[in-house]
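Asker: There's a structure below that I have some questions on.
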Amino acid sequence: MKIKPALCAALLAALVPVFAAAPFGDTVQFRGHLDNARAKFERQKQGTVAFLGGSITEMEGYRPLVCSFLQKRFPETKFKFIAAGIGSTCSTTGAFRLDRDVLSEGPVDLFFVEFAVNDDQDAHHTRAECIRGLEGILRHARLQNPAMDIVVTFFVNPTMLKTLQEGQVPLTIAAHTAVAQHYQISTINLAKEVADEITAGQLTWKQYGGVHPAPFGNAIAAKMIEELFARARWDQPLPADAKPAAHALPPAPLDPLNYAAGRFMDPKLAQIKQGWKLEIPDWKKLPGSKRSRYTSIPMLCATTPGAEATLDFEGTAIGAFIVAGPDAGIAEASLDGGPFRTVDLFHSYSQGLHYPRTVLLGAELKPGKHTLTLRIAANTKSAGHAMRIMQFTVN
């Protein structure tokens with residue numbers, strides 16, 4: 001990926017007022033080491049850097065600033081940048097799409113992750129759900145490549161800002177911090193930095209730019225990441241004997257039910273009994289906004305009560321990555337012939353948008369082979385009975 005010069009010039013200009021700022025104190029937490037990526041960039045003159053998150057990562061914000069910094073810091077290095085931000089997605093979806101969107105691209109040397117805002121305002125996760133999602137991402141990444149250096153960044157929304165200004169820690173940040181500490185992974189607590197600066201009268205929410213930060217807000221995030229590299233001693237000569245070293249993986253996970261084995265499963269593998277079709281929906285006939293990244297994807301679709309299909313899978317959890325619009329309905333899921341469980345597919349954002357989300361249809365299962373029976377129930381809460389599955393999610 002090439003960074004657009006004009007865009008970078010505008011974004012980097014916003015860094016100028018930040019250079020004189022304090023070195024961020026405890027809002028930058030350096031843990032473990034970041035030596036592997038640096039050695040690869042400096043010695044081998046090549047490297048892969050990936051960014052996984054929601055719309056804050058997808059937008060042209062902090063990500064291209066960090067890419068630009070790395071290109072300037074290592075001018076002779078050929079970089080491969082993986083932009084794997086998808087708007088509205090949470091850490092649960094991130095854990096299931098990690099392999100497809102990041103790890104399938106080859107070994108990653110430096111990995112940036114952000115999901116604190118989306119786990120809060122989009123997914124409304126519990127602490128357990130936050131941990132299972134983020135730990136699934138980090139543990140899966142390190143199992144695939146023990147040398148991978150990782151940084152987790154916490155962005156902020158108004159609700160989280162209010163919590164921080166009241167002296168409390170937002171649930172998603174507390175949960176994600178616990179995971180980062182367990183795996184000795186560095187964190188950038190941009191949320192607390194913004195709250196502290198606003199409280200001190202050094203910054204306004206308008207200057208920062210809101211949930212999707214303005215150039216000035218993204219510049220603060222980038223500068224904090226630069227400070228992290230300084231604390232990792234990237235400004236000192238690389239030791240002559242520096243070589244890649246595996247990061248220690250905790251023998252026991254923080255939550256045994258985390259999604260470290262998360263993966264997508266093609267919906268065409270489902271066995272249709274009645275009422276389902278694998279097709280590209282006729283989006284022109286469906287009310288509600290659509291995002292272009294989804295409009296050409298074949299989906300397993302059902303729109304009438306009584307539609308039924310089964311799926312054989314192996315794992316401890318099963319779900320579906322869906323788009324849920326104004327006609328999103330209610331699904332019923334049964335595992336291995338057990339009682340049906342009702343799953344409401346309609347999201348608070350579904351009223352005007354075909355909203356991407358992951359719904360769990362069964363979890364905390366015994367390891368091994370299972371059969372999901374999925375059917376559509378009658379629904380009076382939304383404009384229809386639809387379920388449109390882009391991928392099944394299996395752990």
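The values are calculated or read from the model by the stated rules, or taken from the named source; none is laboratory data. In this text the structure is predicted, and so the values were computed from the model without any measurement. Every residue, glycine as well, gets a Cβ built from its backbone with ideal geometry; the counts of neighbours run over all protein chains shown.
Asker: Taking the stretch 71-99, which residues are within 17 Å of R357 (Cβ to Cβ) and of a type in the set (K, R)?
Answerer: R97 - this is the single residue of the stretch 71-99 that is within 17 Å of R357 (Cβ to Cβ) and of a type in the set (K, R).
Residues checked against (1) basic (K, R); (2) farther than 15 Å from N157 by Cα; (3) over 11 Å from the mean Cα position of the chain (by Cα):
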{"site": "L103", "(1), (2), (3)": "no, yes, yes"}
{"site": "G106", "(1), (2), (3)": "no, yes, yes"}
{"site": "V113", "(1), (2), (3)": "no, yes, no"}
{"site": "N118", "(1), (2), (3)": "no, no, no"}
{"site": "D122", "(1), (2), (3)": "no, no, yes"}
{"site": "R127", "(1), (2), (3)": "yes, yes, yes"}
{"site": "R132", "(1), (2), (3)": "yes, yes, yes"}
{"site": "E135", "(1), (2), (3)": "no, yes, yes"}
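Asker: Name, by its number, the condition in (1) modelled with pLDDT of 95 or more; (2) not assigned by TED's automatic domain parsing to the domain that holds D26 that does not hold for Q236.
Answerer: The number of the failed condition is (1).
Asker: Report, ordered by the first and then the second residue, all pairs with beta carbons closer than 8 Å, sequence separation of six or more or different chains, a first member in the stretch 225-245 that is within 24 Å of F154 (Cβ to Cβ), and a second member that is surrounded by 14 or more Cβ atoms within 10 Å (Cβ to Cβ) and of a type in the set (S, T, Y).
Answerer: I225/Y62; I225/T153; L228/S186; A232/S186
Asker: Any idea which of P158, P146, P107, P170 is over 29 Å from A248 (Cβ atoms) and at pLDDT 95 or above?
Answerer: Answer to the check: P158.
Asker: Can you name the strands (runs of 3 or more DSSP E) wholly within the stretch 265-379 that have at least 2 residues being in contact (Cβ under 8 Å) with a residue 24 or more places away in the chain and surrounded by 14 or more Cβ atoms within 10 Å (Cβ to Cβ)?
Answerer: Here the list reads 271-274, 299-302, 308-314, 318-324, 330-335, 355-362, 369-377.
Asker: If you go through the stretch 218-230 one residue at a time, do you hit one that is modelled with pLDDT of 95 or more, in contact with a strand residue (DSSP E or B) (Cβ under 9 Å, 6 or more places away or on another chain), on the phi < 0 side of the Ramachandran plot and of a type in the set (K, R)?
Answerer: no
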